[in-house]
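A.B. asks: Okay, handing you the structure first.
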Amino acid sequence: MMGQPGLSVSSPPAGLAFTGRGAAYMGSLILPWMLQNSTACAIAPLTSTDTPAHEATLAFTPGAEPSAGAKPSPTTFPSPSLPPPALPLDVVMAGVVGPQDRLYVSGFDSSGDDLRHFAEWDGARWIALGAGFRTAGHAMAVDAAGRLYTEALTDSSQGSSTALMRWNGDEWEDITGDFNLVVDALQPGRVSSNVPVTALAVDREGNLYAGGSFYYLGSGQATELPMGYVARWNGADWAVVGSGFDQVGILALAVDAPHALYAAGEQPLTAAGESGFLAAWHVSEWRRVDPGRPDIFLAMALDPSGGLYVAGQMQSTGGAFVDYWDGTHWTTIAGQFEGEAPAVFDLAVDAKGALCAGGSFESVDEIPASNIACWDGSTWHALGKGTNERVFGLAFGASGSLYAVGYFTEAGHLPVDHVARWDGKSWHTLSP
């Protein structure tokens, strides 16, 4: 039975977590221990070298166009150690955790080079992963072996070319292969080297999923139309999952097994006034799920029972919301976020199903909460003083601690470098 869980803090199961992002400003946090059974978005803990804040409140926790059959070829970038103590990024957009609880983050630095940079926290220092490359968004995922996946943009004879990249612990490898050709086949006659990727996920069997949308010129159409897709990589070959989603933009994925997969995004406004889109994979086909509201879904997170949390933007007011799908019915968890341009950018669920939301807001359902809040099954709670700026990604660690990344430089009035940990009572910074 699927149910709406209550708030709790516990050690995670061996399971999967993923929330994809379509908007360029969003991020996600994923854990290897979440690649076995569960479905919560999470990230493992770091070592005790992080520095505590004195605050206690809620106890909560890249280039040519690939040809068919092309083999992945390694692309190597140097990985110099970065001088402590500060993370050398002006904003962190996404983060995941690999083996030995190593934290990986991505974002932009102060050089203005327009490259997305990656760094690893090994428990004592920040280490650069290559020299950065161009990307279209901030999708990231990690498998149970700690291999990090992301997307990149390279220059080709046809302009920008999409590449799928994997960090193997020493270097970046191009695993694109025939990805673009496989996805292009959803629209007969289309040949392109650029299939945008806006969401990535790994299931508990180690399959990598990529979701997004490409554009095509429809018959008699003056403007291009989107074709949404989901493709799966089994470590050797790419294949599309079912048929494409015509005139749908896929923005997020959630998966815990090959046959438990959700894709969400945006469609043209229907006669009924709906623009949100949600579909579930059932054995061999996609089935549309009535979103229960006309709004766009931007983030998703599965709970241990298989229930689905979604967050998005209201079409009527531009406000944010969080809903819960138990497989049969929808329940509104939060319908009123206050603040300047309120938005929810990420969701995280712990091992027992407790939910946290991160974004840009000042309160949730009239409960004061600065950019991050947690749901205990009946009400929302602030995490101390929260953060002073937007939270782009968050997740639970193995110990039950909650990690957040974003644009913020303070967490609970503690100076931080865009990454912070909430241990249930206090905020901590991650620095040597």
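The values are calculated or read from the model by the stated rules, or taken from the named source; none is laboratory data. All figures in this text were calculated on a predicted structure; none of them were measured in a lab. Positions of Cβ are generated from backbone atoms using ideal geometry, with glycine treated the same way; all protein chains shown enter the neighbour counts.
A.B. asks: Go through the residues of the stretch 183-198 one by one and say whether even a single one is in a strand (DSSP E or B) and of a type in the set (A, V, I, L, M, F, W, C). Spell out how you get there, then give the answer.
C.D. replies: The first filter runs over the stretch 183-198 and keeps only residues in a strand (DSSP E or B), leaving none.
No.
A.B. asks: Another question, if that's okay. Hey, among the residues in the stretch 345-380 that are of a type in the set (Val, Ile, Thr) and over 15 Å from the mean Cα position of the chain (by Cα), which one's surrounded by the fewest Cβ atoms within 10 Å (Cβ to Cβ)? Even if it seems obvious, please write down each step before you answer.
C.D. replies: The initial filter retains those residues of the stretch 345-380 that are of a type in the set (Val, Ile, Thr), namely 349, 364, 367, 372, 379.
Subsequent filtering for residues that are over 15 Å from the mean Cα position of the chain (by Cα) retains 364, 367, 372, 379.
Numbers: Val364: 29, Ile367: 14, Ile372: 28, Thr379: 11.
This residue is Thr379.
A.B. asks: Here are some residues: Trp422, Trp375. Which one is more than 19 Å from Ala320 (Cβ to Cβ), touching a Leu at 6+ places or on another chain (Cβ under 6 Å) and either at pLDDT 95 or above or not acidic (Asp, Glu) (or both)?
C.D. replies: Values: Trp375 fails: more than 19 Å from Ala320 (Cβ to Cβ).
Step by step, each of Trp422, Trp375 is checked, and only Trp422 is more than 19 Å from Ala320 (Cβ to Cβ), touching a Leu at 6+ places or on another chain (Cβ under 6 Å) and either at pLDDT 95 or above or not acidic (Asp, Glu) (or both).
A.B. asks: Go through the stretch 93-126 residue by residue and tally those that are modelled with pLDDT of 85 or more and not in a loop (DSSP other than H, G, I, E, B).
C.D. replies: Residues in the stretch 93-126 being modelled with pLDDT of 85 or more and not in a loop (DSSP other than H, G, I, E, B): 9 in total.
A.B. asks: Taking Ala369 as the residue in question, decide whether it is of a type outside the set (D, E, K, R) and modelled with pLDDT under 90. Break it down stepwise before answering.
C.D. replies: Details: of a type outside the set (D, E, K, R): yes; modelled with pLDDT under 90: no.
No: the conditions fail for Ala369.
A.B. asks: Can you name the residue in the stretch 296-311 that is of a type in the set (Gly, Ala, Ser) and under 20 Å from Ile372 (Cβ atoms) and, of all such residues, is surrounded by the most Cβ atoms within 10 Å (Cβ to Cβ)? Spell out how you get there, then give the answer.
C.D. replies: The initial filter retains those residues of the stretch 296-311 that are of a type in the set (Gly, Ala, Ser), namely 299, 301, 305-307, 311.
Now narrow it down to the ones that are under 20 Å from Ile372 (Cβ atoms): 299, 301, 311.
Working: Ala299: 32, Ala301: 28, Ala311: 28.
Only one residue fits best here, namely Ala299.
A.B. asks: Restricting attention to the stretch 381-401, report how many residues are more than 14 Å from Asp423 (Cα to Cα) and crowded, with 24+ Cβ neighbours inside 10 Å.
C.D. replies: Final tally of qualifying residues: 4.
A.B. asks: Shifting gears a bit: Which residues, counting only those in the stretch 208-254, are under 19 Å from Leu181 (Cβ atoms) and in a loop (DSSP other than H, G, I, E, B)?
C.D. replies: Answer for the stretch 208-254, where residues must be under 19 Å from Leu181 (Cβ atoms) and in a loop (DSSP other than H, G, I, E, B): Asn234, Gly235, Ala236, Asp237, Val241, Gly242, Ser243, Gly244.
Okay, residues lined up against (1) at pLDDT 95 or above; (2) out of contact with any helix residue (DSSP H, G or I) (no Cβ under 9 Å at 6 or more places or on another chain); (3) among the aliphatic types (A, V, I, L, M); (4) within 28 Å of Ala141 (Cβ to Cβ):
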{"site": "Val344", "(1), (2), (3), (4)": "yes, yes, yes, yes"}
{"site": "Gly359", "(1), (2), (3), (4)": "yes, yes, no, yes"}
{"site": "Ala382", "(1), (2), (3), (4)": "yes, yes, yes, no"}
{"site": "Leu402", "(1), (2), (3), (4)": "no, yes, yes, yes"}
{"site": "Ala411", "(1), (2), (3), (4)": "yes, yes, yes, yes"}
